[in-house]
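Worksheet for the structure shown next.
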Amino acid sequence: MEINKNDFIECEKILGKFNILSPEETIDVLYRENKSITRFGDGEFDMIYGKGMNYQKYDEKLARRLKEVIKSDNGILVGIPNVFNLDSIDKYTEYATEFWTNWIDEYKFRLIDLLDRNKKYYSSQISRFYLDYKDKSNVSNYVKKLKQIWNDKDVLIIEGEKSRLGIGNDLFDNMKSIQRIICPSENAFDVYDKIYEYVVSKVDKDKLILIALGPTATVLSYDLYNVGFHTIDIGHVDIEYEWFLRKATKKIKIENKYVTEVKEGRINISDVKDQKYENEIIIKIF
């Protein structure tokens, strides 16, 4: 789908003036300044505007908390999609372009009320570095930069059941140590308080916390940051890396991992026999 520039004139007038750093610029800030980030993708905005997701039912409290987070100014980086102008959208594949064009058309007037033109935003798409782009020639270098964020660090991963971030690939092979908290793959916000209370009471604040838990991660990264933790809402990064390794041209099932965006990816997920992975799990919260 080729974008007619006239289709974006209204959008650029409304949203194009927001200050949103690119994924590469966002990674540089996270690495060089040791910052924390919370991220809003299309699903988080859907939740704010009253829609559920295929793995998270609509929850009024979650929607309210997401709105609180995106309005916050407490020092945590707030990531939003950097797709509001032609320079950004031109880089995407036909499928991604059509998706984001329709999304922007639906939400543009509500976004102008929600977002702050005087605020610097960061890219929520730091974990979406492969499939949506026409030019995939720089992905390997991008991944190297991304891995600098957790290089030689003691890391806690908070993830959904069967997400299995880093298992079967080398994405996290440069971490000093890994521990994991396993949470529900679906409707994780139902046990939000249990997750938060466990981390606050049991986890060392010297750890870097990576969270992959949908919109629950957006709120959790913010709340944990507020009490002194270093948090990265990392989201879809492992599945995107798996697609890159497989040279996928569309969203596909990964046999031993939960893939939210592929219908078959949420069922019949094969088991993993990996003692190291099992030893990394410090608690399962359901």
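The values are calculated or read from the model by the stated rules, or taken from the named source; none is laboratory data. Since this is a predicted model, take the numbers as computed values, not measurements. All Cβ positions, even for glycine, are placed from backbone atoms using ideal geometry, and neighbour counts span all protein chains on display.
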If I ask for residues that are modelled with pLDDT of 95 or more and either in contact with a strand residue (DSSP E or B) (Cβ under 8 Å, 6 or more places away or on another chain) or under 23 Å from Val143 (Cβ atoms) (or both), which ones from the range 220-235 would you list? Leu220, Ser221, Tyr222, Leu224, Tyr225, Phe229, His230, Thr231, Ile232, Asp233, Ile234
Residues within the range 137-186 that are free of Cβ contacts under 8 Å to residues at least 60 places away in the same chain and basic (Lys, Arg), tallied: 4
Taking the residues in the range 32-74 that are under 15 Å from Asp116 (Cβ atoms) and part of a loop (DSSP other than H, G, I, E, B) as candidates, determine which candidate is nearest to the chain's Cα centre (by Cα). Phe40
Qualifying residue in the range 246-257 (condition: surrounded by fewer than 17 Cβ atoms within 10 Å (Cβ to Cβ), free of Cβ contacts under 8 Å to residues at least 24 places away in the same chain and over 24 Å from Leu131 (Cα atoms)): no
Quick check: is even one residue across the range 236-251 farther than 18 Å from Tyr142 by Cα and either more than 21 Å from the chain's Cα centre (by Cα) or not polar (S, T, N, Q) (or both)? yes
Taking the condition in contact (Cβ under 8 Å) with a residue 60 or more places away in the chain, over 17 Å from Asp90 (Cβ atoms) and among the small types (Gly, Ala, Ser), does Ser127 pass? yes
Please go through (1) within 26 Å of Gly43 (Cα to Cα); (2) surrounded by fewer than 16 Cβ atoms within 10 Å (Cβ to Cβ) for Asn279 and return the number of the only condition it doesn't satisfy. (1)
Go through the range 260-271 and give me each residue that's in contact with a Lys or Arg (Cβ under 6 Å, 6 or more places away or on another chain) and either surrounded by 13 or more Cβ atoms within 10 Å (Cβ to Cβ) or touching a residue at least 24 places away in the same chain (Cβ under 8 Å) (or both). Glu261, Val262, Gly265, Ile269
Subset of the range 225-239, residues among the charged types (D, E, K, R) and in contact with a helix residue (DSSP H, G or I) (Cβ under 6 Å, 6 or more places away or on another chain), comes to Asp233
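Let's see how each residue does on (1) at pLDDT below 95; (2) touching a helix residue (DSSP H, G or I) at 6+ places or on another chain (Cβ under 8 Å); (3) of a type in the set (Ser, Thr, Tyr):
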site: Tyr130; (1), (2), (3): no, yes, yes
site: Val143; (1), (2), (3): no, yes, no
site: Lys147; (1), (2), (3): no, no, no
site: Asp170; (1), (2), (3): no, no, no
site: Asp173; (1), (2), (3): no, no, no
site: Ile178; (1), (2), (3): no, yes, no
site: Ile181; (1), (2), (3): no, yes, no
site: Ile195; (1), (2), (3): no, yes, no
Among the residues of the range 267-277, is any at pLDDT 95 or above and either in contact with a Leu (Cβ under 6 Å, 6 or more places away or on another chain) or hydroxyl-bearing (Ser, Thr, Tyr) (or both)? yes
If I ask for residues that are crowded, with 17+ Cβ neighbours inside 10 Å and more than 16 Å from Asp233 (Cβ to Cβ), which ones from the range 199-211 would you list? Val203
